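Novice: Next up is a structure, given as structure tokens.
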Amino acid sequence: MIRYLPFLLVLALWIFAFIDCLNTPEQQVRNLPKVVWVLIILLFGEVLIGPVAWLAAGRPRAGLRGGGPAADGAGFGTTAAEEPTHWVAPDDNPEFLRSLSLANKRDEAMLKEWEADLRRREEELRRKQNGASGPDDASPTAS
């Protein structure tokens with residue numbers, strides 16, 4: 001079983017590099033066009049030259065993959081007037097917190113309306129029960 005391990009490792013690296021190259025946006029691929037990198041990975045994958053070359057020279061740097069500022073000034077991710085585009089946790093995102101606050105205010109207003117409607121209906125019911133003079137007032141008439 002151990003004799004298959006090198007073959008499986010080469011195959012895993014080959015598949016990883018191929019899928020990684022396909023999933024990388026064209027603008028982030030370094031040094032060669034994306035199509036050329038795919039061909040290099042496929043043609044030279046068995047001897048590890050293709051996948052290793054992709055990981056070393058073609059794959060975007062780690063800082064660029066997350067949508068951070070571009071190191072070469074090509075304009076990915078940010079401009080001079082914008083902040084870096086990166087993921088922010090919901091509890092740290094002021095826009096998300098503001099939307100929660102607005103939703104909370106809407107829900108409170110709706111709850112107050114429902115409570116007022118409920119009080120009004122209960123009051124009408126009490127008036128009908130206290131002021132009912134006969135069975136005709138309490139039940140609807142059939143036509």
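The values are calculated or read from the model by the stated rules, or taken from the named source; none is laboratory data. As the structure is a computational prediction, the values presented were derived from the model and not from experiment. Neighbour counts are summed over all protein chains in view; Cβ atoms, including those assigned to glycine, are modelled from backbone coordinates with ideal geometry. Protein only, heavy atoms only, side chains kept; ligands, DNA and RNA dropped before computing areas. Shrake-Rupley method; radii C 1.70, N 1.55, O 1.52, S 1.80 Å.
Novice: Evaluate the following for Glu46: is it among the acidic types (Asp, Glu) and over 31 Å from the mean Cα position of the chain (by Cα)? Explain how you work it out, then say what you get.
Specialist: Working: among the acidic types (Asp, Glu): yes; over 31 Å from the mean Cα position of the chain (by Cα): yes.
It is true that Glu46 is among the acidic types (Asp, Glu) and over 31 Å from the mean Cα position of the chain (by Cα).
Novice: Before we move on, is Arg121 at pLDDT 95 or above, over 17 Å from the mean Cα position of the chain (by Cα) and in a helix (DSSP H, G or I)?
Specialist: Details: at pLDDT 95 or above: yes; over 17 Å from the mean Cα position of the chain (by Cα): yes; in a helix (DSSP H, G or I): yes.
Spelling it out, Arg121 is indeed at pLDDT 95 or above, over 17 Å from the mean Cα position of the chain (by Cα) and in a helix (DSSP H, G or I).
Novice: Follow-up question, since we're still on this one. Give segment 24-40 a look and list any residue that's assigned to a helix (DSSP H, G or I), within 27 Å of the chain's Cα centre (by Cα) and not basic (Lys, Arg), or say none. Quick ask: steps written out before the conclusion?
Specialist: The initial filter retains those residues of segment 24-40 that are assigned to a helix (DSSP H, G or I), namely 26-28, 34-40.
In the following step, the residues that additionally are within 27 Å of the chain's Cα centre (by Cα) were identified as 26-28, 34.
Selection gives Glu26, Gln27, Gln28.
Novice: Quick one: Glu108 ticks every box in (1) at pLDDT 70 or above; (2) not in a helix (DSSP H, G or I) bar one, so which box is it?
Specialist: (2)
Novice: Within segment 51-98, which residues are in a loop (DSSP other than H, G, I, E, B), surrounded by fewer than 13 Cβ atoms within 10 Å (Cβ to Cβ) and modelled with pLDDT under 70?
Specialist: Within segment 51-98, Gly66, Ala71, Asp72, Gly73, Ala74, Gly75, Thr79, Ala80, Ala81, Glu82, Glu83, Pro84 qualify.
Novice: In segment 41-50, how many residues are open to solvent by 10 Å² or more (accessible area, probe 1.4 Å) and assigned to a helix (DSSP H, G or I)?
Specialist: Keep residues of segment 41-50 that are open to solvent by 10 Å² or more (accessible area, probe 1.4 Å), which gives 42-44, 46-49.
Restricting the remaining residues to those that are assigned to a helix (DSSP H, G or I) gives 42-43, 49.
Residues in segment 41-50 being open to solvent by 10 Å² or more (accessible area, probe 1.4 Å) and assigned to a helix (DSSP H, G or I): 3 in total.
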